[in-house]
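This report concerns only the one structure given below.
The values are calculated or read from the model by the stated rules, or taken from the named source; none is laboratory data. Only a predicted model underlies this, so the values are computations on that prediction, with no experimental measurement involved. Positions of Cβ are backbone-derived with ideal geometry, glycine not excepted, and every protein chain shown enters the neighbour counts. Remember, those area values only see protein heavy atoms, side chains included, never the ligands or the DNA or RNA. Shrake-Rupley method; radii C 1.70, N 1.55, O 1.52, S 1.80 Å.
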Amino acid sequence: MAVFTLMLKIFILPFLFHSVSSAVYTISPFQSLSDNGTTLVSKEGSFELGFFSPGNSKNRYVGIWYKNIPLLTVVWVANGCKPINDTSGVLMINNIGNLVLLYQNTSVAWSTSSSKQAQKPIVELLESGNIVLRDEEDANSENYLWQSFDYPSDTLLPGMKMGWDFRTGIRWSFAAWKSWDDPCPGDFISGIEFAPQLNTLPEAYMWKGTSKVHRTGSWFGLSFSGSPDLKSNFYYYGIVYKNDEVYYTYSLKNKSVVSRIYINQTTGSREHLTWIEADQTWGLDVSVPTDECDRYGICGSNANCMINDYPMCQCLIGFKPKSPDTWNSMDWSYGCVQNTTQSCEHKDKDVFVKLSGLKLPDTSRSWMAENLNLEECRTICLNNCSCIAYTNSDIRGNGSGCVIWYGDLMDIRTHSHNGQDLFIRVSNSEPDLIKERSKRDDSRVRAVIVGAVIGGVSVVLLLGYCICRRGSK
C-alpha cells in the first residue's frame, strides 16, 4: 500500500495536474488544444487562450483573457455565435493550414480563412493579446496569414485598430455581447464612419441597430471635438489617415498599465478601463455618452445642446425652430431652419459668425482639404451657395486645413473640454438679428452686474446699521 501511494505521488498525480492546467506557447499541425484545462499562453504570460463558459452559461467557447488578473476578463471570443454544448471541443490547424475549432470530432464551430497556405503554419498568442496564424518559414515574423485583431469582439486593446482597411475590405468595429451569458455580438456597435470618395473626415460612432446613438466628434489633430480627454500621461491616441486605411488606435506610455476599451450592452456606453491592482478591480477612466447632450441629434438639425442642471437646446444664430410648438414643449427633434432663404445672388455679402467651444457638426455631409488655410476655406465656402459652415481641419499650432459643411448641421453641443471654433454662414439680412441677440446678452450681463452691485450695497448698509445699533447700546 505504501509503495502504491509513493507511485501515485511520483507518477500519477503530476500527470493529472498537468492534464488539467497545462499551458502551451504555440500550436503546430502536430498539436491541438482540447477542452481539458490546457491553454495557449503568451510568452511573457500576459494573456491566455482557452475554453471557458461565461456567466451562468454551460456553453463552451474559445476566448482570450488576461492571465494574471483574478477576475476573469475575456477580451476576444472565437465562436461567439456558435457555442459548443459539451467538452468535445478541439482547436487545431487543419490540412490546408487554417486554425479550426471542431466539436464531436467533425463538426466545425469556427475557423480562420487565410487565402495563402503556409509551408509550416504555426499559431501564437502575442503579448498584445493578438492571436496570429503565420508561416514559421517566413523570415518576417509579422507577416500574419490571419490575426484576431482583424476581428474584434467587444474589446479594443492597445494597438488594435477601429476603422477600415481599403486593401482587404476589412472593417474593424466591435460589438457588445448580447448578454453576460451570451458572447454573440448584439446590435450595440462602435466603429468608424468614413466616405473617402467624398473626402470627408472620419468619425467614431456608436450605433444601436442602424440608429446612431453617439458620436465622438471629429479628430482635429489634438483631440476629438466632442469627447473627454483620455489621461494624456497614460496614453497616445488618435485617428490615422493613410491611402489604404483609416483607423482610430491608442497605445500606452507606461507599459505596466493594463488598459482596455469595452462596449457595454447593459449600460449602452463605451468605457475606457484601467486595472487597479491595489483594489483588484477595473477603474473607469472615461465613459461615453457622458450626459444627455451626448445623445446623437438630441436637438435636431442646426441647434446647439447645452448642459446646466439639465439639457437645453438653442437654435444657431440665423436659425429658428422648425416647429415652434413642439420646440417650446422641449421636444427638439424637429430642429431649426434658416430665418431667411439663402440667395446665391447676394452670396458675396453674406457674413460668417464665429462660435467657440463646440462639438463640431457631423462630418458625413462635409468636405475636407488639408492644403488650404482658414481664409481660403472661407472663400470656398462663400462662393458655394450650399456651404453653411467651415473651420480648420487641424487645430495644432495656428491651425491648418479646411473643412466645410453642406446642408443641415447635425449633432452640435457646447463642450467645455475639447470644444472648437465653427464659422457659420449668415445671410446678409441677418446682422441685425445678431446685434439684437448681442444686445440681449449685454442686457443680461448688465442686469447681473446691477443686481450684484445692489446686493453688495445692501449688505454693506445692513452691516453698518447693525454696528450702529450695537454701539448705541
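Need one word for region 296-372: rounded, prolate or oblate. Basis is the Cα gyration tensor (sqrt eigenvalues a ≥ b ≥ c); a/c below 1.5 gives rounded, then a/b vs b/c decides. Oblate. The charge dipole of region 36-139, taken about its Cα centre with unit charges on the Cβ of Lys, Arg, Asp and Glu (plus for the first two, minus for the last two), comes to roughly 360 debye. The order of Lys212, Lys242, Lys116 by accessible area, most exposed first and with a 1.4 Å probe, is Lys116, Lys242, Lys212.
Loop-located GluC sites (Glu not before Pro) in region 299-408 (DSSP state other than H, G, I, E, B) with a sparse environment of at most 13 neighbouring Cβ atoms within 10 Å: Glu370. Using the alpha-carbon centroid of each, what span in Å lies between region 90-118 and region 208-266? The distance from the Cα centre of region 90-118 to that of region 208-266 comes to 33 Å. Between the C-alpha center of region 120-173 and that of region 339-396 there is a gap of 40 Å.
Above 26 angstrom, tally the Cα pairs of region 77-200 and express them as a % of all pairs, no decimals. So the portion of pairs separated by more than 26 Å is 30 percent.
A simple spin-label model places the labels of Asp165 and Ser211 3.4 nm from each other, with each point 7 Å out along Cα-to-Cβ. The listed residues Thr281, Thr249, once ranked by accessible area (1.4 Å probe) with the largest placed first, stand as Thr281, Thr249.
Close amide H pairs (under 5 Å, H built 1.01 Å from N) link His214 with Met206, Tyr296, residues at least 5 positions away or on another chain.
Taking all protein chains together, Thr155, Thr340 sort by accessible area into Thr340, Thr155, largest first [probe 1.4 Å]. Straight-line cross-link partners of Lys349 among the aspartates and glutamates, defined as a Cα under 12 Å from its Cα and at least 8 positions apart when in the same chain: Glu430. On a 26 Å Cα-Cα criterion, which of the cross-link pairs Lys116/Lys212; Lys116/Lys255; Lys67/Lys178; Lys43/Lys82; Lys208/Lys320; Lys43/Lys161 come out too long? Checking Cα-Cα distances, Lys116/Lys212; Lys116/Lys255; Lys43/Lys82; Lys208/Lys320 exceed 26 Å.
Across the accessible surface of region 44-190, with the other protein chains kept in place and a 1.4 Å probe, carbon and sulfur atoms take up 46 percent.
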